[in-house]
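Okay, structure first, notes after.
The values are calculated or read from the model by the stated rules, or taken from the named source; none is laboratory data. Predicted, not measured: the structure shown is a model, and the values here were computed from it. For neighbour counting, all protein chains shown are included, and Cβ atoms are generated from backbone atoms with ideal geometry for every residue, glycine included.
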Amino acid sequence: MHGRGFGETLELPNFNSGKTVWILRAGIGFNGVAGSAKGTQEAIWNKGDWAGSFKTTPSYVVSFGFNKSFGNHPLYWGMALDLGMRGYKTNAEWVRSATSQVSGGYDYHKKTTQETLLSYNVQLSPITIGYKYTFFQRMAADVHLGAYASYDFAGNYKTHTTDHIISTSKYGNRNDFKENEAKVKIGDIDGMRKYDVGINVGVGYWFGRFNIDFTWQRGFIPIYEGGDKEVSIGGKKGDKREQGNYFSNNFQLRLGYAF
């Protein structure tokens, strides 16, 4: 058996032959969340005079699957098995500062909280429907839509907090800094669902057997249970609102090769 020459790798596979084309992809992801629980958390921050925001967490993804055209048509179907990640991050800070005419000093107090969910999962995409449009012989545009099911097999929820107090006056100075970090495995998180189903929507570009692909994933199963219960958002009136739900909301950038 002879190895494939470099020139052949720059030729498009015969995507429209009805034959199975195997594809290996690997890349990076940017994981976050969507859902009404974001609004609830933002309300809690606002009521407590915290400045908070949601961030994405970087991740990796490795995928192996196949495409198979419907006869000689550029429309195809496929399946894939992935190893990947999901999660999200929140950053929040609370700051107070003032000067005292009595002591002639300055008071400063800052608290920060960072919470990060990071889980590793195996993901099956049982069906993907796509369309490859070939142009300039060696190039093709690829649009695809599919479904996925995933299961988190490892990971943790990490909380990092700081508390910094600075005080200067004619009576003396104070500079106290406290830091704390806690980590909980996902298997020990009450109410966390380690499974998910959702959709994949993506676009890609082929040059010969090489591929670059951008995919968006949206989960349909809430990450945590209890989204319909009421929680206190603080304030003088003790306002309450429905907790809401978080859903996986991920973006992936992958490089691939077709065999």
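Among the numbered conditions (1) surrounded by fewer than 18 Cβ atoms within 10 Å (Cβ to Cβ); (2) hydroxyl-bearing (S, T, Y); (3) over 19 Å from the mean Cα position of the chain (by Cα), the only one that Y76 does not meet is (1).
With the structure loaded, tell me whether W94 is outside any strand (DSSP E or B), in contact with a strand residue (DSSP E or B) (Cβ under 9 Å, 6 or more places away or on another chain) and within 25 Å of R241 (Cβ to Cβ) or whether it fails that test. So that I can check it myself, show each step before the final result.
On the way: outside any strand (DSSP E or B): no; in contact with a strand residue (DSSP E or B) (Cβ under 9 Å, 6 or more places away or on another chain): yes; within 25 Å of R241 (Cβ to Cβ): yes.
No.
Looking at the structure I just gave you, is K89 buried (at least 18 other Cβ atoms within 10 Å of the Cβ), free of Cβ contacts under 8 Å to residues at least 60 places away in the same chain and under 14 Å from the mean Cα position of the chain (by Cα)? Considered against the rule, which asks whether it is buried (at least 18 other Cβ atoms within 10 Å of the Cβ), free of Cβ contacts under 8 Å to residues at least 60 places away in the same chain and under 14 Å from the mean Cα position of the chain (by Cα), K89 comes out as yes. Contact annotation: residue pairs with Cβ atoms under 7 Å, 6 or more positions apart or on different chains, pairing a residue in the stretch 183-199 that is touching a residue at least 24 places away in the same chain (Cβ under 8 Å) and more than 18 Å from Q217 (Cβ to Cβ) with a partner that is small (G, A, S) and assigned to a strand (DSSP E or B), are I186/S119; I186/G155. Filtering the stretch 10-28 to residues that are in a loop (DSSP other than H, G, I, E, B) and more than 16 Å from A141 (Cα to Cα) leaves G18, K19.
Quick one: which strands (runs of 3 or more DSSP E) sit completely within the stretch 176-259 and have at least 3 residues that are within 15 Å of the chain's Cα centre (by Cα)? Walk me through how you get there before you give the answer.
Numbers: elements: 195-207, 210-219, 230-234, 239-242, 247-258.
Fully inside the stretch 176-259 and qualifying: 195-207, 210-219, 247-258.
Looking at D196, D188, can you tell me which residue is farther than 24 Å from L24 by Cα and either at pLDDT 95 or above or charged (D, E, K, R) (or both)? Full working, then the answer.
On the way: D196 fails: farther than 24 Å from L24 by Cα.
Just one listed residue meets the conditions, D188.
Tell me whether the stretch 134-143 contains one or more residues that are in contact (Cβ under 8 Å) with a residue 60 or more places away in the chain, part of a strand (DSSP E or B), among the basic types (K, R) and within 27 Å of L12 (Cβ to Cβ). No; the residues of the stretch 134-143 include none that is in contact (Cβ under 8 Å) with a residue 60 or more places away in the chain, part of a strand (DSSP E or B), among the basic types (K, R) and within 27 Å of L12 (Cβ to Cβ).
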